[in-house]
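First up is the structure itself, then whatever we jot down about it.
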Amino acid sequence: MDIQGLGLSSTVLSNANIQSSVGMALLDKALETDQANGDALTNMLERSVNPLVGQNIDIRI
């Protein structure tokens, strides 16, 4: 293997490493977004079961 082939191999491996890192960062962000969306959906479903709970206070003196 000559020197040029070694340099090209190094460049290709470096690019693959960067692409892998970017892919992992995007996947992590997508998972965080899905978690937030799931939490929001759960919150909306909990409110829809008893939508009037906590809106009125009955006070007797």
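The values are calculated or read from the model by the stated rules, or taken from the named source; none is laboratory data. Treat the numbers as computed from the prediction; the structure is a model and nothing was measured. All Cβ positions, glycine included, derive from the backbone under ideal geometry; neighbour counts span all protein chains shown. Side chains included, ligands, DNA and RNA excluded: accessible areas come from the protein's heavy atoms. Shrake-Rupley method; radii C 1.70, N 1.55, O 1.52, S 1.80 Å.
Quick notes
- Listed by first and then second residue, the pairs linking a residue in segment 6-27 that is without any contact (Cβ under 8 Å) to a residue 12 or more places away in the chain to a residue that is of a type in the set (A, V, I, L, M) and surrounded by fewer than 10 Cβ atoms within 10 Å (Cβ to Cβ), with Cβ atoms under 9 Å apart and 6 or more places separating them unless they lie on different chains, are 9/1.
- Residue 31 vs. criteria modelled with pLDDT under 90 and open to solvent by 90 Å² or more (accessible area, probe 1.4 Å): no
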